[in-house]
1. Fully extended, how many nm does the chain gain between Ala154 and Glu298 (0.36 nm per residue separation, minus their Cα-Cα distance)?
2. Which three lengths, in whole Å and largest first, does segment 3-142 cover when its Cα atoms are put on their principal axes?
3. Any idea which of Leu267, Gly256, Ala278 is furthest toward the positive side of the dipole for segment 254-335, if Lys and Arg beta-carbons carry +1 and Asp and Glu beta-carbons -1?
4. Considering amide H positions built from the backbone, and no H for Pro or chain starts, which residues 5 or more places from Val394, or on another chain, come under 5 Å of its amide H?
5. Arrange Leu305, Leu405, Leu148 by Cβ neighbour counts within 10 Å, fewest through most, would you?
6. Going by Cα centres, segment 386-401 and segment 51-93 are how many Å apart?
7. Could you work out, for the chain, what percent of all Cα-Cα pairs fall into each 20 Å distance bin, beginning at 0 Å and stopping at the bin that holds the largest distance?
8. Rounded to whole Hz and in sequence order, give me ³J(HN,Hα) for segment 90-100 from the Karplus expression 6.51 cos²θ - 1.76 cosθ + 1.60, θ = phi - 60°, writing x for Gly and Pro.
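Here, each number is a calculation from the coordinates, and none is a lab measurement. Predicted model, so just to flag it, every value in this text is computed and none were measured. Neighbour counts run over all protein chains shown; Cβ positions are idealised from the backbone, glycine included.
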Amino acid sequence: MARFALLQNLLTENLGLMYLSAYLQRQGHEARIFIDVRGTDTFAQVETYKPGIIGFSCTTGLHHWALDFARRYKARHPQTITLMGGPHPTFYPEMINDPVVDYVCVGEGEEATTDLARTLENGGDLTSIPNLWTKREGQVFSNQPRPLLQNLDALPFPDRSYYERYPITARETSKNFISGRGCAYKCNFCANHTLQELYRGKGRYVRFRSQENVIAEIQQVRSRYPVRFVGFSDDILIINKKWLFPFLDLYRREIGLPFLSTVRANLVDDEIVSALKAAGCISCVFGIESGDERIRNEVLAKGVLDEEIFEAARLFKKYKIRFGTYNMVGLPGETVADAFKTVRINAKVRPDFPWCSVLQPYPGTQIRKRIEADLGQDLPVDEIGASYFTTSVVRGKEIRQLENLQKFFHLAVRFPFLQPLIRQLIKLPPNIIFQTIFNACYAWQLMKRSRINFFKLIQYGLASSRLFQKNTPPKEVPLKDKPSTAS
């Protein structure tokens, strides 16, 4: 029997780790989730637990924290095995070259980690486990992924028990669930395109749990925790009408709690929004990304028209469902004038939660390849920070103004009369006042959309503050003075 310590450093439930913990326990192993944030002595807690394997779930930027923790732990416990998983290791498995990393999991991890534990216990070839990268005497062994899990109902429900040890997550009244795995779209700023290629020929990529299985999980969680709101963390909840309508009807009859979900503007129609409303949906979010239709569809490959955005907004307002929008600045070839088109389209549809980030060229994305082609050089990986609300590693002529506009985005959308003033303010150097304005707007949106109170927000902010302090990008890549392919 192997003993796993599964680590994260965001103060929220991590569905990936919860599924992994539950699966490992079903196979007869021990697994426990630890959250490494301010106010917790996670290092000592892990030492007391004495795991044989410490696994980390990390995105790009957060991998700095994972490597740092692993380095400190291995210095005191050199026999402990380190395993990196999550989006960053999947799309940048080259992190296996770091001396502190023993294994990297590429793609789905349930069966791979179980195989690792079994092989460690019983003996066998540790260099040929599907989905895992490892190294021996300087040689890297990169193994292809196994077929995708097809029967998601066969998986145990996510293990939420260890979050009870943390006051904030223990009292959380909103719980997240997923109804399936895989996204059918190939937006250039998302690594989904690369994941589809990785699993080509290895089974159906977009998979759904049965409606009854999802409902059973929600009922189980509801019987154990004071759940008041349900969140669906699927990429797009409404992607399959044949699955969606029976599920919404069952949810309305068996659960009846208010819920939040992510949708796609080009899939939204009156029938879907009406069904969402009847089932208890109180909030949705969809991506606009850019207010310039050409940039949105040619550069980002979003495949969503302006008229579809306006229609989606109209329908959500018709049925009195609050909605938010995802937006970005710092896109290839984007000017300040282009970015203000994003402000204006948001101001026109008047979302309840206008959300904006600075584009980060993450490993595995097509947008990263496009930017590298424009630059004529590879982009750094380790210089990308943990937050997409700060700066870009790519420096262009107007990038400082675009970064500043991101800080004012919420105000520019909610109060259009401020736009002339904001146009002037963003010409100033970035400063703590701009960041404070953004932090206040971001906090307000979290409180309204996620239904968390002010005191919980403060607790979350204090616990997470160390994360962004430790991962500020130390290096920037200047954009060459040549026309962008996006122009």
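1. Value of the extension gain: 47.9 nm.
2. 40, 31, 28
3. About the Cα centre, the residue reaching furthest to the positive side is Gly256.
4. For Val394, whose amide H was placed from the backbone, the distant partners under 5 Å are Val477.
5. Listed from fewest to most nearby Cβ atoms, that is Leu305, Leu148, Leu405.
6. The two parts, judged by their Cα centres, are 27 Å apart.
7. Result returned by the calculation: 22, 58, 20, 0.
8. Result, rounded to whole Hz: 4, 9, 9, x, 4, 5, 4, 6, 5, x, 7.
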